[in-house]
1. Between LEU149 and ARG37, what length comes free when the chain is fully extended (0.36 nm per residue of separation minus the Cα-Cα distance, one decimal in nm)?
2. So the label point goes 7 Å from the Cα of ALA52 along Cα→C-beta, right? Which residues of the range 245-267 then have their backbone N under 18 Å from it?
3. Please provide three numbers in whole Å: the alpha-carbon extents of the range 58-104 along the principal axes, with the largest listed first.
4. For an R0 of 45 angstrom, estimate the FRET efficiency from the Cβ-Cβ distance between SER191 and LEU110 and round to the nearest 0.05.
5. How large is the accessible surface of ASP237 in square angstrom, using a 1.4 angstrom probe and rounding to the nearest 10?
6. To the nearest Å, what is the center-to-center distance of the range 99-165 and the range 170-232, using C-alpha atoms only?
7. Per-residue accessible area for TYR243 at 1.4 Å probe radius, Å² rounded to 10?
8. Full-extension gain between GLN248 and SER120, please, as 0.36 nm times their residue separation minus the C-alpha to C-alpha distance.
Amino acid sequence: MKEAARFGPGSGPETGARAPRRVRPGALPRAGALVSRRWGRALLGALGVGGAVLVLELLSRTGAFGDGELPPATSVLARAAEMAVDDGFLGQLGTTVSAWLGGLALAVALAVPAGLLLGSLPRLDAASLAVVELARPVPSVALIPLAILVFAEPVRVERSLVCYAALWPILLNTLYGLRDVDPVAKETLRSFGFGPLSVLWRVSLPSAGPFVLTGVRIAASVGLIVAVSAELRAGGDSGLGVYLLQTQSGGGRPDLMVAGAVWAGALGVGANGVLVAVGRGLFPHSARSARSARGRPFPRRKGSAPSTPGYRASRSSSNAGRAE
């Protein structure tokens, strides 16, 4: 009898199997609603892309532009698909990607520690504010002649310009993230005897992480633009910008040029998707906060009290009445 009570009904040693896990009521409908929302957003995105392709196709076929000025969208997509198996184009694309990612990684390695240092030392931040505000608006393309004089190799020129352009979004977002850290959390950790480095590592950096990642996302798109622009203006042996210049020589191939631009856009979309996935994995609380801000808060557990002041007031008054 005691043995049966210890194992529970239907879960004794003679059964050899564990009792099935109960599914919480409402879990399946919530999961289904989440999946349906994701599929709905994907469907709307596909409809938007299809609508844009259809509009461009109609503009080209109806002769709204001159002959050869705007190639049909179907022809551009066909050329872009052919480029995926073209070794020559893939080599030039790889040169751009290498310089782009190298400059972006260098910008992250410089901007994040600099932002943490400036954000942790207010006096140093105030002293460097004028320098940052003076250098930040300078366009990277305007520095191409200086970069050519300093760096002889075209890849180093491109990488330095990408680093300069990507530096400022990451730096500023790191500073904003550190300013948004809850001061109560930092003071609480200091009261337990933790030093400045421990407070920075345990509180400031995790709280500023979503801001830093947002800066990296912005810097990735800016860096790709600068990489292609540097290849267009500074030249070089290979690269996506060099390929776009070559498509316009010898009579010009607008379909190949636009197809190369499509590949540049695909690189930007892919990089943004990877960074978004990384952000959701590293900072899930930030994704939940963004979802709540869009007006779709996570469902409340059954039996938990809502966070409205009226409910808390009525709850406290009823508890006081029962206590009397």
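The values are calculated or read from the model by the stated rules, or taken from the named source; none is laboratory data. Owing to the predicted nature of the structure, the values given are computational and were not obtained by experimental measurement. A quick note on method: Cβ atoms are made from the backbone with ideal geometry, for glycine too, and the neighbour counts reach across all protein chains shown. Note: areas computed on protein heavy atoms with side chains; ligands, DNA, RNA excluded. Shrake-Rupley method; radii C 1.70, N 1.55, O 1.52, S 1.80 Å.
1. Length difference between fully extended and current span is 35.0 nm.
2. From the range 245-267, the list is 255-267.
3. 43, 23, 14
4. On the way: r = 34 Å, r/R0 = 0.75.
For SER191 and LEU110, the calculated efficiency is 0.85.
5. Counting only protein heavy atoms, ASP237 exposes about 140 Å² to solvent.
6. For the range 99-165 versus the range 170-232, the Cα centre distance is 16 Å.
7. Here the residue's solvent-accessible area equals roughly 30 Å².
8. Gain in length upon complete extension: 41.0 nm.
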